[in-house]
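Step one of this worksheet: look at the structure below.
The values are calculated or read from the model by the stated rules, or taken from the named source; none is laboratory data. Computed from a prediction, not measured in an experiment: that's the story for all the values here. Please note: Cβ atoms are built from the backbone with ideal geometry, for glycine as well, and neighbour counts cover all protein chains shown. Calculation scope for accessible area: heavy atoms of the full protein, side chains included, ligands and nucleic acids excluded. Shrake-Rupley method; radii C 1.70, N 1.55, O 1.52, S 1.80 Å.
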Amino acid sequence: MCGCSALVAGGRLPPPSIPRRLRRRRGSSVRAEVSPGGESQRKKVAVAGAGWAGLAAAHHLVKQGYDVTLLAAENGPTEEVGLRGFWNPYRNIFALVDELGISPFTGWKKAAYYSPEGLAVEFPIFHNQPRLPAPFGVFAYPEFPNLPLIDRLTSIPVIAAVIDFDNTDTAWRKYDAMTARELFKMYGCSRRLYKEVFEPAIQAALFAPGKQCSAAATLGMLYYYMLSRQENSDFLLCRGEVEENIFSPWLKSLEMEGLKFVANKAPSSFTVDTDSGCISSIVCGDDIYRADAFVSANGLSSLQSVVKNSPFLWSHREFANLLHLSTIDVISVKLWFDKKIMIPKVANVCSGFDDSSGWTFFDLTSIYDDYYGEPITVVEAEFYNASQLVPLEDDDIVSEASLHLIKCIQDFEGATVIQKSVRRSPKSVVNFVPGSYKYTPRGSTSFPNLFIAGDWIVNRHGSFSKEKAYVTGLEAANRVVDYFGTGDFAKIIAVEGDEPHIETLRNLSRRANELKSQIPLSEFFLQ
């Protein structure tokens, strides 16, 4: 989300903190050299975090000849919680999967939204529908069993905000001050449309209700997944666990190329070389890992802990600002039922069952290869903003999940849970509350050799979730390459541009905003 951090295929802008003498000429390609004595002079890079962002950074740096150590907080690489699907615009992740030569995905799948009153929306596979100009396909093709046309028509004024929000710093600052609920209220969205369509989308993608989410984050999310092109709402699912089907072969390929993988090492602090002003090592408990450059690809809560344990970081505003950001608890519940249950859609988003939390559930029996043909039903449910569930016993969480499932699909009543798995992920995702944008870091830091990656930082690529994490990992690798002047930049596939009519409307909107700012006394009135 920052103009100076847009490192995409075909160009770069060097981070401002990098000394001019370390910057390379555009287009040059410098490879690691070997000394006459045979000793490698490769630069060492430590990457903390083994999710999409950390693996992406390690992936490119290993290929550029760097000596890379990847530190994982758990036994192996772990996918970030939330948004299990792989959406149509995840072009960089799909390119990675092709590069790895694996086939982990299902075909395109359908989704449904549920409210306490039952089925609210059924989504088709948009690839199979005649293409309409954005965003009309997303409004025309879903089925709304109980939502009147008059409610659906109140979505039209919201398009004006979508057009105005162009993912620039100005747009983020303008809309970040208000909540998503305030935005939809301001544009005249009906109560039912908000509750049955927009609120579930917000809770599933941003993990909190609209009254707790920034309007800027909401507009960016809605445009990326739904409103930019109708087929962007289509998604694939992994046919098994991502860690096993994607991360495991990915990690093995990197280790074959020289990556050093170290499990169960969570960063506790950094140390700094006061003479150079650079980070000199990353501390994981009793272990110290020294390197020439560092990529922090952990989640927000992990980095906040590092800041608290590293007093020298407090003097740097971008790290002190991290303590103003908040996080959300997530609970994942995997349930095995003793009979086959007919679940119409494999992916289901639910909202309105209580005031604060949304949840999703997936029919793993129809997705995972391991369960194909089994006379059981396997479901995984994820509860977001779930602080009220975290302290409960596993059995109580399972009971709560089962009751929620029965409210959506009656056939779950009478089914018996024969196996269960409960995973608590406290403080695992960022809460995009209004006003958080100004505290959110960019990929570069005031330490010339420390870079940040993750789906929660500010960048300008325009993607979300896994794709954004992966992209920011590549951007961090590009910053390392730029810092040392050794290696080639990763080619990052840009988000597909606006359709011509959207681009025209956005240009008109920008021009109107420019004219408005030039009106005398334009800054006199409260904005």
### Helical contribution to [θ] at 222 nm, DSSP H n ≥ 4, -39,500 (n - 2.57), averaged over the chain, rounded to 500
-8000 deg cm²/dmol
### Task
Grab the Cα-Cα distance for Arg239 and Ser103, subtract it from 0.36 nm times how many residues apart they are, and report the gain in nm with one decimal.
48.1 nm
### Task
Any chance you could tell me what percent of the C-alpha pair distances in segment 293-408 go past 22 Å?
51 percent
### Query
In Å², what does the accessible area per residue of the chain work out to with a 1.4 Å probe?
43 Å²
### Message
Could you tell me what a quarter of the Cα convex hull surface of the chain works out to, in nm² with one decimal place?
### Response
26.8 nm²
### Message
If you filter segment 456-498 for GluC sites (Glu not before Pro), then keep DSSP loop positions with at most 16 other Cβ within 10 Å, what is left?
### Response
Glu496
### Nearby lysines by direct alpha-carbon distance to Lys334 (threshold 26 angstrom, same-chain neighbours under 8 apart not counted)
Lys109, Lys110, Lys345, Lys407, Lys420, Lys427, Lys466
## Note on the structure
Given 20 °C, 1.002 mPa s and a Kirkwood radius over Cα pairs, the Stokes-Einstein diffusion coefficient of segment 257-306 in µm²/s is 179 µm²/s
#### Entry: Descending principal axes extents, segment 271-341, alpha-carbon based, whole Å
66, 28, 19
### Message
Can you say what percent of the DSSP beta bridges in the chain, counting only those with both residues inside, are antiparallel? Round to 5.
### Response
70 percent
### Query
Residue separation times 0.36 nm, minus the C-alpha to C-alpha distance between Lys516 and Asp394: what's the value?
38.3 nm
### Query
If all Cα-Cα distances of segment 436-527 are sorted into 5 Å bins from 0 onward, what percent lands in each bin, rounded to whole numbers?
3, 11, 14, 15, 13, 14, 12, 10, 6, 2, 0
### Message
For segment 457-507, compute the orientation-averaged projected area of the C-alpha convex hull (one quarter of its surface), in nm².
### Response
4.7 nm²
### Task
With viscosity set to 1.002 mPa s and temperature to 20 °C, compute the Stokes-Einstein D of segment 194-337, Rh being the Kirkwood radius across alpha carbon pairs; µm²/s, no decimals.
111 µm²/s
